[in-house]
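Some notes on the structure that comes next.
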Amino acid sequence: MSSATAMTTEPMPKPEGLEGVVAASTALSHVFGEEGRLVYRGYDIHELAGKASFEEVAHLLWQGRLPTRPELDDLLHRLGENRELPEPVVATLSALPADTEPMDALRTGVSALGAAHGDLFDDTPDLAEAIALAARVPTILATFFRLRQGKEPVPPRPDLNTAQSYLYQLLGTEPEPRHWQPLEVYLVLLTDHGMNASTFTARVIASTQSDLCSAITGAVGALKGPLHGGAPSKVLDMLNEIGTVDNVEAWLTRALDEGRRLMGFGHRVYKAEDPRAEILRGMAERASDPAFFALSKTTEERALALLEERKPGRRLYTNVEFYSAAVLAAVGLPGDMFTPTFAVARSVGWSAHVLEQVANNRLIRPQSEFVGPTDKRFVPIEDR
Ligand code: ACO
């Protein structure tokens, strides 16, 4: 076989997990893995965290630049007036068993929203749809959170921003600045993150000319896995199991001896500290209970040392999920609402990617390397 023939018939080398493969062009955000930098449309995350509101960042991602004051007021107004759920979505959420995982409820709720609001979400996805969906994601979660406790859902308040409204609808009390402000910084940090698994999922679905709710339903499904967004509640479980600073070394050693992964460490792209982890660590120190922060810090230090010892050269650092656990717990959220709260932030990033995909679409349809046999003969069932 000539090398020219081989070029056309042989599959290209296949990186495991598509590592290093460039799957799309995007101007939205980028992870500079070697440097440990995250950039949203030209702004380093340190430029935005603690300075820009979540809605300013949403405008930045959806529309390409930070808003003027009237533009921000308009976006806040549009989000505020889009928070209510259609009755069939509330009915669907109330039909779920109370022990349903909130991420499963969110996936179901977004899918039900697409069915119940076919009028709103049946076109090519656009900015109005992105706003309509991002506004309703917190309401879906808060509605399910209340229903599973046998409580009435709290109607949204259009005068509140996203972080305030989400806490208000979850807890039914006026949100306190010491809770909603760290939550808002968390939402800003988690809004977008390059071509991560759930964003890629959303773009693949959008590339088939499917609708926005389908793309976000798929993205929610991808986010819930523990190798992606499902880790922070597991970080909390790990810290609760460790219990005391004295037990850190023994617990981590046993987990690694058993071949388990330490939740909140390692990343496919970052080969330096995740900049979001650095910001969240500072927030956790300020917001969380001092004993819990001390346990988190000791666990982090010992985990990094043990990972370096056990996996030399792998460059495993703290990822965003580790201190998300402490920050979200300090905000008053239970562990099983951590990943759903990640989805509140990421629903903006996902929809921005969907808009970018449809603006310059080509069906995403990769090849596979076929490794099965090709010469089998059919045998009738009675002869097998
Ligand atoms: N604990 C122990 N060992 C680890 C960890 C960890 N957290 N992370 C990676 N390793 C080891 C692997 O066992 C592997 O070792 P080996 O080659 O000797 O088998 C090596 O480091 C490389 O790991 P890969 O799985 O190839 O790296 P990948 O890029 O696929 O993994 C991932 C990235 C999935 C995040 C991984 O680090 C992990 O499982 N971390 C724990 C879960 C977690 O924190 N998830 C949240 C990610 S952040 C986010 O998505 C928002």
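Cβ separations smaller than 6 Å between residues 6+ apart or across chains give the following pairs from the range 264-288 residues that are closer than 11 Å to THR318 by Cβ and open to solvent by 10 Å² or more (accessible area, probe 1.4 Å) to residues that are in a loop (DSSP other than H, G, I, E, B) and more than 9 Å from the ligand (Cβ to nearest atom): ALA272/GLY36; GLU273/GLY36; GLU273/TYR317. Taken together, the residues in the range 144-172 that are touching a Gly at 6+ places or on another chain (Cβ under 9 Å), open to solvent by 10 Å² or more (accessible area, probe 1.4 Å) and assigned to a helix (DSSP H, G or I) amount to 2. Can you report the number of residues in the range 188-203 which are open to solvent by 10 Å² or more (accessible area, probe 1.4 Å) and within 11 Å of the ligand (Cβ to nearest atom)? Of the residues in the range 188-203, 3 are open to solvent by 10 Å² or more (accessible area, probe 1.4 Å) and within 11 Å of the ligand (Cβ to nearest atom). Within the range 28-58, being of a type in the set (Phe, Trp, Tyr) and outside any strand (DSSP E or B) holds for one residue alone: PHE54. With respect to the conditions (1) within 12 Å of the ligand (Cβ to nearest atom); (2) modelled with pLDDT of 95 or more; (3) open to solvent by 60 Å² or more (accessible area, probe 1.4 Å), ASP246 falls short on a single one, namely (1). Among the residues of the range 145-156, none qualifies, meaning not one is more than 18 Å from the chain's Cα centre (by Cα), touching a residue at least 24 places away in the same chain (Cβ under 8 Å) and within 25 Å of ILE279 (Cβ to Cβ). Within the range 11-22, residues that are under 12 Å from VAL269 (Cα atoms) sit with their Cβ atoms under 7 Å from residues that are in a loop (DSSP other than H, G, I, E, B) and modelled with pLDDT of 75 or more, at 6+ positions apart or across chains, in these pairs: GLU19/ARG268; VAL21/PRO15. The residue that is farthest from the ligand (Cβ to nearest atom), among those in the range 299-317 that are among the charged types (D, E, K, R) and more than 13 Å from LEU256 (Cα to Cα), is GLU301. Would you confirm whether any residue within the range 340-358 is closer than 29 Å to LYS51 by Cβ, part of a helix (DSSP H, G or I) and open to solvent by 60 Å² or more (accessible area, probe 1.4 Å)? No, the range 340-358 contains no residue that is closer than 29 Å to LYS51 by Cβ, part of a helix (DSSP H, G or I) and open to solvent by 60 Å² or more (accessible area, probe 1.4 Å).
The set of residues in the range 255-275 that are more than 11 Å from the ligand (Cβ to nearest atom) and either in contact with a Lys or Arg (Cβ under 7 Å, 6 or more places away or on another chain) or not in a loop (DSSP other than H, G, I, E, B) (or both) comprises ASP257, PRO275. In summary, helices (runs of 4 or more DSSP H) completely within the range 59-133 and bearing 1 or more residues that are without any contact (Cβ under 8 Å) to a residue 60 or more places away in the chain and touching a Leu at 6+ places or on another chain (Cβ under 8 Å) occur at 87-95, 102-116. Among the residues of the range 204-219, those that are closer than 30 Å to PHE322 by Cα, more than 16 Å from the ligand (Cβ to nearest atom) and surrounded by 24 or more Cβ atoms within 10 Å (Cβ to Cβ) comprise CYS213, ALA215, ILE216.
Consider the range 50-92 and keep the residues that are over 30 Å from THR108 (Cβ atoms) and touching a Phe, Trp or Tyr at 6+ places or on another chain (Cβ under 9 Å). The one that is most open to solvent (accessible area, probe 1.4 Å) is LEU66. Whether a residue is open to solvent by less than 10 Å² (accessible area, probe 1.4 Å), modelled with pLDDT under 95 and within 11 Å of the ligand (Cβ to nearest atom) was assessed, and ALA325 passes this test. Screening the candidates GLU278, GLU249 for the property of being in a helix (DSSP H, G or I) and more than 22 Å from ALA329 (Cα to Cα) yields one hit, GLU249.
The values are calculated or read from the model by the stated rules, or taken from the named source; none is laboratory data. From a predicted model like this one, the values you see are computed outputs, not experimental measurements. Ideal geometry is used to build each Cβ from the backbone, glycine not excepted, and the neighbour counts take in all protein chains shown. Side chains are part of the model used for accessible areas, which takes the heavy atoms of the whole protein and leaves out ligands, DNA and RNA. Shrake-Rupley method; radii C 1.70, N 1.55, O 1.52, S 1.80 Å.
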